[in-house]
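Structure, as structure tokens:
The values are calculated or read from the model by the stated rules, or taken from the named source; none is laboratory data. No experiment lies behind these values; they were computed from the predicted model shown. Neighbour counts are summed over all protein chains in view; Cβ atoms, including those assigned to glycine, are modelled from backbone coordinates with ideal geometry.
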Amino acid sequence: MSYTQIKLDIADGIATITLHRPEKMNAFTRVMMQEVIDALDVIDADDSVRAVIVTGHGERAFCAGADLTPEGGGHVFSDPNPVEDLSDERVRDGGGRLVLRLFNSQKPLIGACNGVAVGVGATMQLPFDMRLCSDNARFGFVFARRGITPEAASSWFLPRLVGMQTALEWCMTGRIFDAAEAKDRGLVRSVHPQDELMEAARGLAREIADNTSAVSVAMTRAMLWRLPSEPHPMMAHRIDSRSIYRLSRSADAREGVQSFLEKRAPDYPDTVGANMPDFYPWWDEPGYE
């Protein structure tokens with residue numbers, strides 16, 4: 001697929017997705033949604049990729065929210081042909097489609113928020129595994145100030161990341177807040193000068209790429225995002241037990257132990273494409289039985 005609103009670069013085990021609509025502060029469109037989803041499909045199918053960085057073009061904005069202008073491709077605010085049947089596929093939120101694909105990524109996602117991130121520009125970052133931002137970043141869950149509600153499954157993600165009280169405050173007031181507050185409340189991991197942000201994100205990606213098993217990281221990501229939502233720890237125990245049992249017999253586990261004993265860097269042979277445990281994805285099984 002040829003991309004017009006994003007850029008995808010893959011080098012040295014790290015993929016970088018850059019939202020790229022410089023004339024629109026990287027505002028979100030359905031085209032952008034489709035392109036990022038396609039890029040994630042490409043990345044998941046590429047076993048050379050060990051970590052993913054998502055950022056925006058320039059030094060002003062990560063993503064200034066949904067593009068509500070006609071050239072933005074249309075939006076529910078101005079839909080001339082409203083749908084009455086709410087089960088219709090056309091009702092589905094585009095930001096939510098993207099977020100669900102991000103949630104299902106088999107590679108770790110690192111956000112490098114390089115400026116303004118409001119509306120879907122903020123909510124699309126919630127399924128990233130780690131979020132870094134520049135010191136000029138500004139965030140806003142502004143939906144109540146536009147007469148709508150939070151989207152992109154943010155009512156599921158945001159309270160898990162920052163707690164219910166903060167999620168309610170940010171969404172009910174719709175106010176813009178700065179990088180310091182985002183870090184203080186747990187939305188971002190760290191704040192960096194603009195010219196050091198990507199270096200910090202790459203350092204984190206490099207730490208994963210150089211030292212960990214791809215299969216271990218993919219399983220860990222799936223487990224940590226899903227199992228805390230289970231009503232009883234027994235479900236986590238079931239998956240933990242299966243995972244430890246299968247992975248402890250893998251070539252990666254043998255290499256992990258051997259490299260530790262030999263005091264050298266590991267060279268893990270297994271890949272996500274070929275060596276995920278046979279019970280993955282367990283959430284497709286009825287009752288996880």
Anything in segment 251-262 that is surrounded by fewer than 14 Cβ atoms within 10 Å (Cβ to Cβ) and over 18 Å from Met219 (Cβ atoms)? List them, or say none. Gln258, Phe260, Leu261, Glu262
So in segment 188-220, with the set limited to residues that are surrounded by fewer than 17 Cβ atoms within 10 Å (Cβ to Cβ) and either assigned by TED's automatic domain parsing to the domain that holds Asp267 or within 30 Å of Arg254 (Cβ to Cβ) (or both), which one is nearest to the chain's Cα centre (by Cα)? Thr220
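Residues are listed down the side, and each one gets a yes or a no for (1) at pLDDT 95 or above; (2) surrounded by fewer than 20 Cβ atoms within 10 Å (Cβ to Cβ); (3) not in a loop (DSSP other than H, G, I, E, B):
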| site | (1), (2), (3) |
| --- | --- |
| Ser87 | no, yes, no |
| Lys107 | yes, no, no |
| Ala112 | yes, no, yes |
| Leu126 | yes, no, no |
| Glu169 | yes, yes, yes |
| Gly186 | yes, yes, no |
Residue check for His57: in the same structural domain as Ile110 (by TED's automatic domain parsing), on the phi < 0 side of the Ramachandran plot and either in contact with a Leu (Cβ under 7 Å, 6 or more places away or on another chain) or in contact (Cβ under 8 Å) with a residue 40 or more places away in the chain (or both): yes
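A quick yes/no check of all residues on (1) surrounded by 10 or more Cβ atoms within 10 Å (Cβ to Cβ); (2) in contact with a Leu (Cβ under 8 Å, 6 or more places away or on another chain); (3) among the aliphatic types (A, V, I, L, M); (4) within 17 Å of Tyr280 (Cα to Cα):
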| residue | (1), (2), (3), (4) |
| --- | --- |
| Ala222 | yes, no, yes, yes |
| Pro233 | yes, no, no, no |
| Arg238 | yes, no, no, yes |
| Arg249 | yes, no, no, yes |
| Arg264 | no, no, no, no |
| Tyr268 | yes, no, no, no |
Which of the residues spanning segment 280-289 are outside any helix (DSSP H, G or I) and surrounded by 15 or more Cβ atoms within 10 Å (Cβ to Cβ)? Tyr280
Taking the conditions exactly as written (outside the structural domain of Thr16 (by TED's automatic domain parsing) and in a helix (DSSP H, G or I)), does Arg242 satisfy them or not? yes
Selection status of Gly203, modelled with pLDDT of 95 or more and on the phi < 0 side of the Ramachandran plot: yes
Is it the case that Pro159 is closer than 28 Å to Trp283 by Cα, more than 13 Å from the chain's Cα centre (by Cα) and assigned to a helix (DSSP H, G or I)? yes
Among the residues of segment 258-278, are any assigned to a helix (DSSP H, G or I), under 20 Å from Val49 (Cα atoms), modelled with pLDDT of 95 or more and of a type in the set (Val, Ile, Thr)? yes
